[in-house]
Amino acid sequence: MRLHGRAVRLTAIFGETDTYQHKPLYHEIVCRARRAGLAGASVFRGVEGFGASSAIHTTRLLSLSEDMPIAVVIVDDEQRVRDFLPELDELVGEGLVLLDEVEVIRYAGREQR
């Protein structure tokens, strides 16, 4: 798959303890993105944050939280990402979902080097 130039970045942010059918929610999103043929998905664990509930979650030792922020980031062409949104809507009950335009400079796998 070639991905170059204009694209859309989807970012879904939610809690680390969020699950889907007893599995981590981020894992289900990544699996579905792969099945949908999207260009890729990455999961990032936050070190501190707060959301709609205003409760601060942090990795600082004195106030260690078990529900750190998680961000799943997917980049692909706009229509492919928009076609994936209904699946994401089914999965993410609480959290934040963002779409923004990006410019892809390089997208290459190991075998393409």
Seminar exercise, completed: Among residues of segment 25-46 being of a type in the set (A, V, I, L, M, F, W, C) and assigned to a loop (DSSP other than H, G, I, E, B), the residue most open to solvent (accessible area, probe 1.4 Å) is A36
Problem set entry | Of all residues in segment 85-104 being touching a strand residue (DSSP E or B) at 6+ places or on another chain (Cβ under 9 Å) and more than 27 Å from F50 (Cβ to Cβ), the one that is surrounded by the fewest Cβ atoms within 10 Å (Cβ to Cβ) | E103
Problem set entry | Selection from segment 1-24 of residues that are of a type outside the set (A, V, I, L, M) and not in a loop (DSSP other than H, G, I, E, B) | G5, R6, R9, T11, F14, G15, T19, Y20, K23, P24
Exercise. Can you name the residue in segment 70-80 that is closer than 13 Å to A36 by Cβ and over 12 Å from the mean Cα position of the chain (by Cα) and is also surrounded by the most Cβ atoms within 10 Å (Cβ to Cβ) among such residues?
Worked result: D76
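The values are calculated or read from the model by the stated rules, or taken from the named source; none is laboratory data. As the structure is a computational prediction, the values presented were derived from the model and not from experiment. Backbone-built Cβ (ideal geometry, glycine too); neighbour counts: all protein chains shown. The accessibility values were calculated without ligands, DNA or RNA, using every heavy atom of the protein model including side chains. Shrake-Rupley method; radii C 1.70, N 1.55, O 1.52, S 1.80 Å.
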